[in-house]
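Asks: Provided herewith is a single structure, encoded as structure tokens, for subsequent inquiry.
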Amino acid sequence: MPTTYLTVYWEGTANTLSPPTTQIGLFWAATKGVDITDDNVPLPHRASTQQHLKMAFDGCAVTNGSLGLLFAFGLRQQAARVASRIKQILARDNKEEDESPSIVCNVVGLSRGGIAAIFLAQALHMNEEDLELNLLLFDPVPGDQTWSGFPYTGIFAKDITDCACLRRVLALYPHEPLPDITFHAPILVAYPMHCEVEEDVILGCHQGALFATRRSNHIIHQASNLSFRRIVDFLEKVGTKLALEPYFSYQPSKFDILNICRNALESLEPTTRKLHDGLQRGRVIVRRSSGKFLNKYHEHLENQLSSDSNTSFLSSRDETKSTTRDASYPSSAQQQNYQAPSQNNKHFASYTPQYMLDIIIPDEQRSCFLLPTSSASFSSDE
């Protein structure tokens, strides 16, 4: 049976989808498919080929006022609405076809929208053979204090190990800390063993890492460009169809992101960011003063570029875009002659940590260098 793809977006607490506050609203608009967010909109008939549907929610302070702002009220109800739609699709397809239905639900949640995505995974904890759930959690912040836990929004949002249908998770955490009084410490979640999980640290500060893309060297734009590429890669990998051109006038390529990552390695400003650890290991987010790579994604791009002699993956821009690329973008000959940074280079001495941006256990500090403890999805030489 052809697969039905349902893509769901949750904005951050005080954010709106339209007009867009962050890239969440832009990606929602750019996603191909019938919008079934409104419960009164009937499901379209089963398609003979792939069918694409979508849902999206404004921030909980927009939909639920002060209760949403202070206590994230409304998130579980929204997650229940998505779960109900999934069950409707399953029931529809079971009725219309003899074969078992196939549904892929892809979810992107920012800040408290990430908490809503976690609540959805908990609502779909049953072993649903016909359902595949994929989550992109962008700085999932419950709004709880790190020292007291008040107002306890995230106390039940740290564990989704019972979600049998969960297949893939990409959790992205901007490294820049905010004061404790802002209640902006993110959550590290406990996932089921069968799930493919990547937790990576990125540039920027909370939703400041998810504003509109722009050809600029400003840190906010650099962080937002990196976030854009990560989200696009994830959504395309899990089957969501995108029409980016009308909504993203600047679409940074993977080589643009490589330049951002390489330049960021020159900044020697260590940071530490507290979080809520679902595994109770006391982990924190750090920016070290050195690293072989900025983060896991940077390592992946360097390895991909050095192993691909044709550098075909760099052609994410079409021919029309290539005429407007900036002077730092290399020619085809330069790309083919590219050499990955040598591990013998003085900047890659044996004591240099693998990642400048990482999630670590502070107790495992040795000398002035922090050793990585988070598992990498990409190969490492260490």
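Just so it is clear, none of the values below were taken in a lab; they were calculated from the coordinates. On a predicted model such as this, the values are computed, not experimentally measured, just so you know. Please note: Cβ atoms are built from the backbone with ideal geometry, for glycine as well, and neighbour counts cover all protein chains shown.
Asks: Using the charge dipole of segment 246-301 (Lys, Arg: +1 at Cβ; Asp, Glu: -1 at Cβ; taken about the Cα centre), state which of THR271, SER253, LEU301 has its Cα farthest towards the positive end.
Replies: THR271
Asks: So if each residue of separation counts as 0.36 nm, and I subtract the Cα-Cα distance between SER216 and ARG281, what length gain in nm does that give?
Replies: 19.6 nm is the gain from fully extending SER216 to ARG281.
Asks: Gain in length, LYS32 to LEU244, computed as 0.36 nm per residue apart minus the alpha-carbon separation, to one decimal in nm?
Replies: The span from LYS32 to LEU244 would gain 75.3 nm if fully extended.
Asks: Here is a follow-up. Of LYS237/LYS296; LYS158/LYS292; LYS254/LYS274, which pairs sit farther than 21 Å apart, going by alpha carbon to alpha carbon?
Replies: Where the Cα-Cα span goes over 21 Å, the pairs concerned are LYS158/LYS292; LYS254/LYS274.
Asks: Collect residues whose amide H, placed 1.01 Å from N in the peptide plane, falls under 5 Å from the amide H of GLY291; neighbours closer than 5 in sequence don't count.
Replies: For GLY291, whose amide H was placed from the backbone, there are no distant partners under 5 Å.
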